[in-house]
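What follows is a structure written as structure tokens; I'll ask about it next.
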Amino acid sequence: MRPPHTESAWQPTADMATLHARARLMTRVRAFFAERNVLEVETPVLGQGGSTDVHLASLSSLAHTAAGRQRLWLRTSPEFHMKRLLAAGSGPIYQLAKSFRDGEVGRRHNIEFTMLEWYRPGMGLAALMEETAALIRKLLPESVLPDGQTPLRCYAYRELFYDQLEIDPFSVPLVRLRRLAEERGSMPEGALDDEPRDTCLDLLMSFVIEPNLGWGDAEQGKAPGEKCQGKLVAVVDYPASQAALARRHVDAYGDEVASRFELYFQGVELANGYDELTDAAEQQARFEADNAERRELGFDEVDVDMRLVAALDHGLPEGSGVALGLDRVIQLALGKYTLAEVMAFATPAC
Amino acid sequence: MANHSTNEFKGGLKVMLDGDPCSIVSNELVKPGKGQAFNRVKLRNLMTGRVWERTFKSGDSLEGADVMELEMEYLYTDGDMWYFMQTDGSFEQYAVEKRALGDDEKWLKEQAPYTVTLWNDNAIQVTPPNFIELEVTQTDPGLKGDTAQGGSKPATLSSGAVVNVPLFINEGEVLKVDTRTGSYVSRA
């Protein structure tokens, strides 16, 4: 391994041409929202409450504030403060939000990353999905996404499991689901015996289905990151248990599903949109349930943002919101193999 | 040995898996939206050389393997074991079994430098230098004057390896050979 004091350790992880290209793409993002009269906002990176989400690890810091010495949390997404703005009557807003998720390290992950998040009061989920696709089409060059104007292909979660794994994710017995996830996920038999249904579904989604989503017809199977064509696809109607704070509705098969979508391109998840639940009591119950699960698993508890609960209690306008991993879009647009290559100083070269 | 958690898995880290020492080849984090994260890991089993793919829940850990790579020179064989000596001045000798040599037995040359991988102080793998110089012990006679034309012929080297060489090479010449591909590079 290279010692930290070698001569090149001070250098950026992205080259200058990439940083210029990145800046041009950021300009396009701002122009896209300016045209649509969506207001750019900046909300705190440090907050008095953090994300309680059991599988997101928040970073925190001890600070000396006017209120005394207190623990402040680095945001894992700008959601809470943006919802407080919406409740205060901001109207449609977007943010290029530096966010932090501890331990997320890899070719498509960096602990600190740029999340593009926006909220559309009064807009339905389908319209937001099309808007998200329209933005991504503006950012990906013709050489990567040639079908710029073709309609977004939309798959139901159930349909993908039928087609690729020949199971119905809503009704397959848990024992069979665990064995299938172990087999397809390169895990020894029994490794998932204590795991709930959603973990097994996540595993199959991530390892079997996702890698095949969003490729041009002839390109499937090529190594990701190679300069090659893809297409934009959406996945909708997730199981209700994966709703997080999305609304729920009943699908054509009579199952309750989550009103959310994810967009994929070349096997990579790019965006996650929700028809936002606006119920304060439900939000508070979710926070408490998350912290209870954290205690059970031996994870640190996270301070709850009671000001978000108060804002929801005051009233959040009906509408939808979406979070998009901007670094990943830039990575795909520029055909780079790692996220670090599109960041000036990726962790831990920071 | 210390335990290593999935976020410490980096290329080259030595860990124990199913009772065998392994070297991490690659590690990819897979994080479904809001769910449990996984690490998809490729490991080379150092006993068999095979590459395994395994998925771990993020935060799982594996026991570290007591694996060291030492520079040694090859001394001799008594037919059962092959003997190597450390070149760090300690002159410590290690006996290596045939299994650890595998196909690389054909690249052994006295006093040449090798990397010997030790697990719990037993040699489990011997890696020859990338390039080695060996004498041709047998090859068909060369064609006079044919120095630029294509075409090749087999030649047996002093270590027992057989490589394809250009037609102009003669017995007794010393050649530089790439041990990774088993191919002729040049006259030494």
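The values are calculated or read from the model by the stated rules, or taken from the named source; none is laboratory data. Not measured: the values here are computed from a predicted model. Using ideal geometry, Cβ is built from the backbone for each residue, glycine included, and neighbour counts are taken over all protein chains shown. Quick note on the areas: whole protein, heavy atoms, side chains included, nothing else; ligands and nucleic acids left out. Shrake-Rupley method; radii C 1.70, N 1.55, O 1.52, S 1.80 Å.
Only one of A:G103, A:G91 is on the phi > 0 side of the Ramachandran plot, within 14 Å of another protein chain (Cβ to nearest Cβ) and part of a loop (DSSP other than H, G, I, E, B); which?
Just one listed residue meets the conditions, A:G103.
Please give the number of the condition A:D275 fails out of (1) under 22 Å from A:G230 (Cα atoms); (2) charged (D, E, K, R); (3) open to solvent by 10 Å² or more (accessible area, probe 1.4 Å).
(1)
Residues are listed down the side, and each one gets a yes or a no for (1) modelled with pLDDT of 90 or more; (2) in a loop (DSSP other than H, G, I, E, B); (3) within 14 Å of the chain's Cα centre (by Cα); (4) surrounded by 14 or more Cβ atoms within 10 Å (Cβ to Cβ):
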site: B:M85; (1), (2), (3), (4): yes, no, no, yes
site: B:F91; (1), (2), (3), (4): yes, yes, no, no
site: B:Y94; (1), (2), (3), (4): yes, no, no, yes
site: B:A100; (1), (2), (3), (4): no, no, yes, yes
site: B:K106; (1), (2), (3), (4): yes, no, yes, yes
site: B:E110; (1), (2), (3), (4): yes, yes, no, no
site: B:T117; (1), (2), (3), (4): yes, no, yes, yes
site: B:A123; (1), (2), (3), (4): yes, no, yes, yes
site: B:V126; (1), (2), (3), (4): yes, no, yes, yes
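When you look at A:P239, is it touching a Pro at 6+ places or on another chain (Cβ under 7 Å) and either modelled with pLDDT under 95 or buried (at least 17 other Cβ atoms within 10 Å of the Cβ) (or both), yes or no?
Details: touching a Pro at 6+ places or on another chain (Cβ under 7 Å): yes; either modelled with pLDDT under 95 or buried (at least 17 other Cβ atoms within 10 Å of the Cβ) (or both): yes.
It is true that A:P239 is touching a Pro at 6+ places or on another chain (Cβ under 7 Å) and either modelled with pLDDT under 95 or buried (at least 17 other Cβ atoms within 10 Å of the Cβ) (or both).
Moving on. Against the condition part of a loop (DSSP other than H, G, I, E, B) and surrounded by fewer than 18 Cβ atoms within 10 Å (Cβ to Cβ), how does A:E301 come out, does it pass?
Considered against the rule, which asks whether it is part of a loop (DSSP other than H, G, I, E, B) and surrounded by fewer than 18 Cβ atoms within 10 Å (Cβ to Cβ), A:E301 comes out as yes.
Is there a residue in the range A:129-140 that is more than 14 Å from chain B (Cβ to nearest Cβ), surrounded by fewer than 20 Cβ atoms within 10 Å (Cβ to Cβ), modelled with pLDDT under 95 and in a loop (DSSP other than H, G, I, E, B)?
No, the range A:129-140 contains no residue that is more than 14 Å from chain B (Cβ to nearest Cβ), surrounded by fewer than 20 Cβ atoms within 10 Å (Cβ to Cβ), modelled with pLDDT under 95 and in a loop (DSSP other than H, G, I, E, B).
What are the residues in the range B:19-30 that are open to solvent by less than 30 Å² (accessible area, probe 1.4 Å) and either more than 10 Å from chain A (Cβ to nearest Cβ) or farther than 17 Å from B:E53 by Cα (or both), if any?
B:P21, B:C22, B:S23, B:I24
Okay, residues lined up against (1) touching a helix residue (DSSP H, G or I) at 6+ places or on another chain (Cβ under 8 Å); (2) at pLDDT below 90:
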residue: B:Q36; (1), (2): yes, yes
residue: B:K42; (1), (2): no, no
residue: B:N45; (1), (2): no, no
residue: B:F56; (1), (2): yes, no
residue: B:M68; (1), (2): no, no
residue: B:M72; (1), (2): no, no
residue: B:L75; (1), (2): no, no
residue: B:D78; (1), (2): no, no
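A:F207 fails exactly one of the following numbered conditions: (1) open to solvent by less than 40 Å² (accessible area, probe 1.4 Å); (2) more than 25 Å from the chain's Cα centre (by Cα). What is the number of that condition?
(2)
Within the range A:79-102, can you find the residues that are under 30 Å from B:E8 (Cβ atoms), buried (at least 18 other Cβ atoms within 10 Å of the Cβ) and of a type outside the set (S, T, Y)?
Correct list: A:A97, A:F100, A:R101.
Check whether at least one residue in the range A:109-121 is part of a loop (DSSP other than H, G, I, E, B), open to solvent by 30 Å² or more (accessible area, probe 1.4 Å) and within 14 Å of chain B (Cβ to nearest Cβ), and report yes or no.
yes
Among the residues of the range A:206-217, is there at least one that is part of a loop (DSSP other than H, G, I, E, B) and either modelled with pLDDT under 85 or farther than 30 Å from A:A126 by Cα (or both)?
Yes, the range A:206-217 has at least one match.
Any chance the range A:62-78 includes a residue that's crowded, with 18+ Cβ neighbours inside 10 Å, touching a residue at least 24 places away in the same chain (Cβ under 8 Å) and within 14 Å of another protein chain (Cβ to nearest Cβ)?
Yes.
Need the failing condition index for A:S77 against (1) over 21 Å from the mean Cα position of the chain (by Cα); (2) over 30 Å from B:L13 (Cα atoms), just the number.
Of everything listed in (1) over 21 Å from the mean Cα position of the chain (by Cα); (2) over 30 Å from B:L13 (Cα atoms), A:S77 misses just condition (1).
Does the range A:156-168 contain at least one residue that is among the charged types (D, E, K, R), at pLDDT below 95, surrounded by fewer than 16 Cβ atoms within 10 Å (Cβ to Cβ) and under 24 Å from the mean Cα position of the chain (by Cα)?
There is no residue in the range A:156-168 that is among the charged types (D, E, K, R), at pLDDT below 95, surrounded by fewer than 16 Cβ atoms within 10 Å (Cβ to Cβ) and under 24 Å from the mean Cα position of the chain (by Cα).
When residues of the range A:12-50 are filtered for being within 25 Å of A:F345 (Cα to Cα), among the polar types (S, T, N, Q) and touching a residue at least 40 places away in the same chain (Cβ under 8 Å), how many remain?
Adding up the residues that qualify gives 3.
Here's a follow-up. Name the pairs: first residue in the range A:263-280 and away from chain B (no Cβ under 11 Å) and farther than 23 Å from A:L140 by Cα, second residue among the small types (G, A, S) and assigned to a strand (DSSP E or B), Cβ to Cβ under 8 Å, at least 6 apart or on different chains?
So the pair list comes out as A:D275/A:A246; A:D275/A:S259; A:D275/A:S320; A:E276/A:A246; A:E276/A:G319; A:E276/A:S320; A:E276/A:G321; A:L277/A:A246.
Based on what the data block shows, is A:L334 open to solvent by 40 Å² or more (accessible area, probe 1.4 Å) and touching a helix residue (DSSP H, G or I) at 6+ places or on another chain (Cβ under 9 Å)?
yes
Results for (1) in contact with a strand residue (DSSP E or B) (Cβ under 7 Å, 6 or more places away or on another chain); (2) within 29 Å of A:Q70 (Cα to Cα); (3) small (G, A, S); (4) assigned to a helix (DSSP H, G or I), shown as yes or no for each residue.
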position	(1), (2), (3), (4)
A:S259	yes, no, yes, no
A:E262	yes, no, no, no
A:L270	yes, no, no, no
A:F287	no, yes, no, yes
A:A292	no, yes, yes, yes
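Among the candidates B:M47, B:M16, single out the residue that is assigned to a strand (DSSP E or B), in contact (Cβ under 8 Å) with a residue 40 or more places away in the chain, surrounded by 14 or more Cβ atoms within 10 Å (Cβ to Cβ) and away from every other protein chain (no Cβ under 14 Å).
B:M16
Go through the residues of the range A:26-42 one by one and say whether even a single one is at pLDDT 95 or above, outside any helix (DSSP H, G or I) and within 30 Å of A:E296 (Cα to Cα).
Of the residues in the range A:26-42, the ones at pLDDT 95 or above are A:26-42.
From what's left, outside any helix (DSSP H, G or I): A:36-42.
Then drop every residue that is not within 30 Å of A:E296 (Cα to Cα), which leaves none.
The answer is no; no qualifying residue exists.
Take the conditions in contact with an Asp or Glu (Cβ under 8 Å, 6 or more places away or on another chain), touching a residue at least 60 places away in the same chain (Cβ under 8 Å) and open to solvent by less than 40 Å² (accessible area, probe 1.4 Å) and apply them to A:L308. Does it pass?
Judged against the criteria, A:L308 is not a match.
Just to be sure before I move on: is B:G59 more than 14 Å from chain A (Cβ to nearest Cβ), touching a residue at least 40 places away in the same chain (Cβ under 8 Å) and open to solvent by less than 60 Å² (accessible area, probe 1.4 Å) in the structure I sent?
So B:G59 fails the test.
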